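The values are calculated or read from the model by the stated rules, or taken from the named source; none is laboratory data. Being a predicted model, the structure only gives us computed values, none of them experimental. Cβ coordinates were reconstructed from backbone atoms using ideal geometry, including for glycine residues, and neighbour counts include every protein chain displayed.
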Amino acid sequence: MKILIVPTKEAAIVRAADIVAAEVAAKPDAVLGLATGGTMVPLYEELAQRHRAGNFSMAGVTSFNLDEYVGLAPDHPGSYHHYMAEALFDLTDMRKDHAHLPRGDVADPKAEALAYEARIAKAGGVDLQLLGIGQNGHIGFNEPTSSLGSRTRIKTLTDSTLRANRPYFDSDDAVPKYAITMGIASILEARTCLLLGLGEAKADAAAAMIEGPMSAMCPASALQMHPQTTVILDEAAASKLQLTDYYHHVHPGGQESEYS
Ligand code: PGA
C-alpha cells in the first residue's frame, strides 16, 4: 500500500483529484469504479470544478459504482443513482449510458448482483477504483465478517451503517436495511485502487486497514493483498497509525517517492 498523508482535508481532495484526472488523461476511455458517501462529495466537486475550467473530461469514461440500496428506484432522493447524478454526472460531460450502478428496485436483486458482475467484466474490468472507508472498516457495503472472497451480492447493513445513513433519510424506517454491493474479491480485481479517508472518525479504521492483521473484521484490510493501492489520509485520519514517520519519510507531504 502506498500511504500518502497530507496536512488537511482540502489537500487530500486535491491529491485524490489529481490521481483521478491523471488516470483519465492517460486513458480517456478508462473504466472508473466510483464510490458514494460524504467523503466523495468534495472530491466530485473538485472534479466538476476542473471540468468547468476545461481541465477534466469524462466524455469517454465508463463507470461502475460500488453499491446501491435494495428497494430504492433511481429517482429516490436517498438512492446512489440520485447521489451520483447530483454530485458528479450532471455536473460533467459523463455519458449517462456509460454510468452504471446496480439497480436496487428490480424484482430479483440477486440476479441483478450477478448481472452487474458480468457488466463489469464485459467492460474489461475497472482501471481505477475509488473507495471510502466506513468507521467499521467496510469498503463498499462489505460489512465486518464479509468474506474476503466475496463477489457482488446482497448484504444486510449493520446498525453502525444504518446510524451513519440515518441523516440521508426522513425516518428510521426509511433507512434501507439491504444493499447490493460489489464484493471484496470483485473490488480487488480493479487494476488500481484509491482509498480516501478523512477525519478523526476514520482513524481507527485506517489503522486497522493499514497496520492491522488482514481480517474479515476489517474488510478494508483485504487491500493489503492488492498490488496497486494508494491510500490518502489527512492528519486526523492518520492519527492512530504507528509507522507515521516512515510514511512521511517515503512520501514527504504525500507526494510520490523517488521510485514511484
Ligand atoms: P463516508 O462513508 O464517506 O460518508 O464517511 C464512507 C463509507 O462508508 O464507505
- Message: Quick check on this structure: which one of Lys202, Lys177 is basic (Lys, Arg) and either crowded, with 21+ Cβ neighbours inside 10 Å or closer than 22 Å to Ala237 by Cβ (or both)?
- Response: Lys202
- Selection count, the stretch 33-71, where residues are closer than 11 Å to Leu88 by Cα, within 14 Å of the ligand (Cβ to nearest atom) and either part of a helix (DSSP H, G or I) or without any contact (Cβ under 8 Å) to a residue 40 or more places away in the chain (or both): 6
- Query: Can Ala236 be described as among the aliphatic types (A, V, I, L, M), part of a loop (DSSP other than H, G, I, E, B) and either surrounded by fewer than 17 Cβ atoms within 10 Å (Cβ to Cβ) or at negative phi (or both)?
  - Reply: yes
- Message: So Asp90 ticks every box in (1) more than 16 Å from the ligand (Cβ to nearest atom); (2) part of a helix (DSSP H, G or I); (3) farther than 28 Å from Gln49 by Cα; (4) not small (Gly, Ala, Ser) but one. Which box is left unticked?
- Response: (3)
- By residue number, the members of the stretch 21-32 that are part of a helix (DSSP H, G or I) and free of Cβ contacts under 8 Å to residues at least 60 places away in the same chain are Ala21, Ala22, Val24, Ala25, Ala26
- Query: With respect to Thr152, is the statement that it is in contact with a Pro (Cβ under 9 Å, 6 or more places away or on another chain), more than 15 Å from the ligand (Cβ to nearest atom) and farther than 22 Å from His100 by Cα true?
  - Reply: no
- Would you be able to say whether some residue in the stretch 103-118 is in contact with a His (Cβ under 9 Å, 6 or more places away or on another chain), surrounded by 22 or more Cβ atoms within 10 Å (Cβ to Cβ), modelled with pLDDT of 95 or more and under 18 Å from Leu34 (Cβ atoms)? yes
- Query: Has the stretch 213-221 got any residue that is more than 13 Å from the ligand (Cβ to nearest atom), in contact (Cβ under 8 Å) with a residue 60 or more places away in the chain and either surrounded by 17 or more Cβ atoms within 10 Å (Cβ to Cβ) or under 14 Å from the mean Cα position of the chain (by Cα) (or both)?
  - Reply: yes
- Task: Residue by residue through the stretch 92-124, note down the ones that are hydroxyl-bearing (Ser, Thr, Tyr) and closer than 18 Å to Ser186 by Cβ.
- Result: Tyr116
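A quick yes/no check of all residues on (1) under 16 Å from the mean Cα position of the chain (by Cα); (2) closer than 24 Å to Val24 by Cα:
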position: Arg50; (1), (2): no, yes
position: Gly54; (1), (2): no, yes
position: Leu114; (1), (2): no, no
position: Gly124; (1), (2): no, yes
position: Asp127; (1), (2): yes, yes
position: His138; (1), (2): yes, no
- Task: Could you tell me whether Ala236 is in contact with a Lys or Arg (Cβ under 6 Å, 6 or more places away or on another chain), within 15 Å of the ligand (Cβ to nearest atom) and not aromatic (Phe, Trp, Tyr)?
- Result: no
- Query: Which of the residues belonging to the stretch 119-167 are crowded, with 16+ Cβ neighbours inside 10 Å, assigned to a helix (DSSP H, G or I) and not hydrophobic (A, V, I, L, M, F, W, C)?
  - Reply: Thr161, Asn165
- Query: Is there any pair linking a residue in the stretch 4-20 that is in contact (Cβ under 8 Å) with a residue 24 or more places away in the chain to one that is among the basic types (Lys, Arg) and part of a helix (DSSP H, G or I), with Cβ under 7 Å and at least six apart or on different chains, and which?
  - Reply: Leu4/Arg15; Val6/Arg15; Ala17/Arg50
- Message: Which condition from (1) farther than 22 Å from Leu34 by Cα; (2) touching a Leu at 6+ places or on another chain (Cβ under 8 Å); (3) assigned to a helix (DSSP H, G or I) is the one that Lys202 breaks?
- Response: (1)
